[in-house]
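Colleague: Sending over a structure as structure tokens; questions will come in a sec.
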Amino acid sequence: MKKKVLVVIIVVALILALDQLLKIYIKSTFAPGASTPLIGDWFILEYIENQGMAFGTTFGSQVWHKLALSIFRIVAISALIYYWIKQWKSGARTEFLIAIGLVFAGATGNLIDSMLYDFIFPFDPCMGYNHLAGSGNWVDCIWGPKEIRHTGFLFGNVVDMFKFHAYWPQWMPWLGGSEVFPAIWNLADASISIGIVMIFIRQKTYFAKPAMATDETVEAEETITPDTSGEKIIEEGE
């Protein structure tokens, strides 16, 4: 049992460390919007920040929108911890515990950004990814007044950097010429996705129902065991 815990702790710690190291490297060395190829021209590193959920999706412009999202992440992470412990105590497969750990690591990695990055890195209100129409929080930039996001604990942006720079063939209906996957994502997003996919694909293995007893098994259990008392049975008439 302890081995399972150790394996999951190592996986979670490794993902969190790699996720944060990569984000710090990107923020420290890349200019906003800068990119560099990783594998040919179709898989690149491109520095961007987002104010919302996974894969750059947004949630709203009011201060309570971002706060609600961060609180939801904390509640979800707490629920994952509780569920993981419950599954571990019930003897769940190590693979399933790792899948839950991947989701936990990804959610925690993005939460760390929101919690701490506004305090660790300088905040430039005039950068495009810090603008937020409808926030009511105005600043003067070189090109005029801009509404910007709220800052502080649980209000920070999430750093993204991976992008598939590939396009569907022109001959494909509806999709031709459009990007295969336009979102920019990070290692934490990938960890969440992999964990969810593992659970979805392997659910029959993780949540296997106990086998029902067959008629033959029932009959076998109902057979009378032989008399082992050592006593001899005397037939009548002797």
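The values are calculated or read from the model by the stated rules, or taken from the named source; none is laboratory data. This one's a predicted model, so the numbers in the text were calculated from it and none came from an experiment. Glycine also receives a Cβ, built like all others from the backbone with ideal geometry; neighbour counts cover every protein chain displayed.
Colleague: List the number of the failed condition for Ala183; all other conditions in (1) of a type outside the set (Ser, Thr, Tyr); (2) closer than 30 Å to Glu95 by Cα; (3) at pLDDT below 90; (4) loosely packed, with under 14 Cβ neighbours inside 10 Å hold.
Modeller: Unmet condition: (4).
Colleague: Keeping to the stretch 154-199, report how many residues are within 24 Å of Leu18 (Cβ to Cβ) and aromatic (Phe, Trp, Tyr).
Modeller: Of the residues in that region, 4 qualify.
Colleague: Same structure, new question: Could you look through the stretch 36-58, keep only residues that are touching a Lys or Arg at 6+ places or on another chain (Cβ under 7 Å) and not aliphatic (A, V, I, L, M), and pick out the one that is modelled with the lowest pLDDT?
Modeller: Taking the stretch 36-58 as the starting set, the residues that turn out to be touching a Lys or Arg at 6+ places or on another chain (Cβ under 7 Å) are 44, 46, 51.
From what is left, the residues that are not aliphatic (A, V, I, L, M) are 46, 51.
Working: Glu46: 94, Gln51: 86.
Ranking the qualifying residues of the stretch 36-58, first place goes to Gln51.
Colleague: For the structure I just gave you, tell me whether Ile10 is out of contact with any Asp or Glu (no Cβ under 8 Å at 6 or more places or on another chain), among the hydrophobic types (A, V, I, L, M, F, W, C) and free of Cβ contacts under 8 Å to residues at least 24 places away in the same chain.
Modeller: yes
Colleague: Here is a follow-up. Within the stretch 130-144, work out how many residues are outside any loop (DSSP other than H, G, I, E, B) and either hydroxyl-bearing (Ser, Thr, Tyr) or closer than 23 Å to Asp160 by Cα (or both).
Modeller: Filtering the stretch 130-144 for residues outside any loop (DSSP other than H, G, I, E, B) gives 130-131, 138-141, 144.
Narrowing further to those that are either hydroxyl-bearing (Ser, Thr, Tyr) or closer than 23 Å to Asp160 by Cα (or both): 130-131.
Summing the residues that are outside any loop (DSSP other than H, G, I, E, B) and either hydroxyl-bearing (Ser, Thr, Tyr) or closer than 23 Å to Asp160 by Cα (or both) in the stretch 130-144 gives 2.
Colleague: Hey, another quick one. Filter the stretch 145-166 down to the residues that are outside any loop (DSSP other than H, G, I, E, B) and surrounded by 15 or more Cβ atoms within 10 Å (Cβ to Cβ) and list them by number.
Modeller: If the condition is that a residue be outside any loop (DSSP other than H, G, I, E, B) and surrounded by 15 or more Cβ atoms within 10 Å (Cβ to Cβ), then Lys146, Glu147, Ile148, Val158, Val159, Asp160, Met161, Phe162, Lys163, Phe164 are the ones that fit.
Colleague: Here's another thing I want to ask about it. Only one residue in Lys66, Lys89, Lys4 is modelled with pLDDT under 95 and in contact with a helix residue (DSSP H, G or I) (Cβ under 6 Å, 6 or more places away or on another chain). Which one?
Modeller: Lys4
Colleague: Considering only residues that are surrounded by fewer than 16 Cβ atoms within 10 Å (Cβ to Cβ) and either among the aliphatic types (A, V, I, L, M) or under 21 Å from the mean Cα position of the chain (by Cα) (or both), which ones fall in the stretch 26-42?
Modeller: Correct list: Ala31, Ala34, Leu38, Ile39.
Colleague: Right, here's the next one. Mind counting the residues in the stretch 89-107 that are closer than 28 Å to Asn157 by Cβ and either of a type in the set (D, E, K, R) or surrounded by fewer than 20 Cβ atoms within 10 Å (Cβ to Cβ) (or both)?
Modeller: Number satisfying all stated conditions: 0.
Colleague: Next up: Out of Ile74, Ile100, Ile81, report the one residue that is part of a helix (DSSP H, G or I), hydrophobic (A, V, I, L, M, F, W, C), within 30 Å of Gly136 (Cβ to Cβ) and under 15 Å from the mean Cα position of the chain (by Cα). Reasoning before the result, please.
Modeller: Values: Ile100 fails: within 30 Å of Gly136 (Cβ to Cβ); Ile81 fails: within 30 Å of Gly136 (Cβ to Cβ).
When all the criteria are applied, what remains is Ile74.
Colleague: Here's another thing I want to ask about it. Looking only at the stretch 200-212, count every residue that is over 30 Å from Gln20 (Cβ atoms) and in a helix (DSSP H, G or I) and tell me the total.
Modeller: 3
Colleague: Considering Asn186, Asn157, Asn137, which residue is out of contact with any Leu (no Cβ under 7 Å at 6 or more places or on another chain) and under 12 Å from Gln51 (Cα atoms)?
Modeller: Sole residue among the options that is out of contact with any Leu (no Cβ under 7 Å at 6 or more places or on another chain) and under 12 Å from Gln51 (Cα atoms): Asn157.
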